[in-house]
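Notes follow the structure.
The values are calculated or read from the model by the stated rules, or taken from the named source; none is laboratory data. These figures come from a predicted structure and were not determined experimentally. Positions of Cβ are backbone-derived with ideal geometry, glycine not excepted, and every protein chain shown enters the neighbour counts. When the accessible area is computed, the model is the full protein with side chains, heavy atoms only, and any ligands, DNA or RNA have been set aside. Shrake-Rupley method; radii C 1.70, N 1.55, O 1.52, S 1.80 Å.
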Amino acid sequence: TTMDFFSLPDVFLRELMRKVDIDDRLRLRLTCRDFENLVATTHAGYFDSASIATEWRPNKIIIKIGSGPIIHCDENELEECTYIIRLFHRISIGKLT
């Protein structure tokens, strides 16, 4: 028999998602709409640091959260980076540069 993952109690799902790192949150949200919604509506947890910087190439922005992936965005098309917004409902960061 198989079990529907999304039939688990919300409390369990939220607590489980707090343990998932940024890389895996990115991968999970790409698998299906249910996972995308789960990732987008759960707290991502606490990270020591995050940074937003411009790259040496013109009009490029680099976003890095904790030890997670470095995300490159075109400054002129930042709204296309909405997957960053869908990565978490809330996040706590110790230091932002």
**Asked** What is the number of the single condition among (1) free of Cβ contacts under 8 Å to residues at least 60 places away in the same chain; (2) out of contact with any Lys or Arg (no Cβ under 7 Å at 6 or more places or on another chain) that Leu26 does not meet?
**Response** (1)
**Fill in**
Per the filter on segment 5-30, residues open to solvent by 90 Å² or more (accessible area, probe 1.4 Å) and farther than 18 Å from Ser92 by Cα are Asp10, Val11, Phe12, Arg27, Leu30
**Message:** Please count how many residues of segment 6-28 are touching a Gly at 6+ places or on another chain (Cβ under 9 Å) and outside any helix (DSSP H, G or I).
**Reply:** 3
**Asked** Just for segment 37-72: of the residues that are assigned to a helix (DSSP H, G or I) and under 10 Å from the mean Cα position of the chain (by Cα), which one is modelled with the lowest pLDDT?
**Response** Ala40
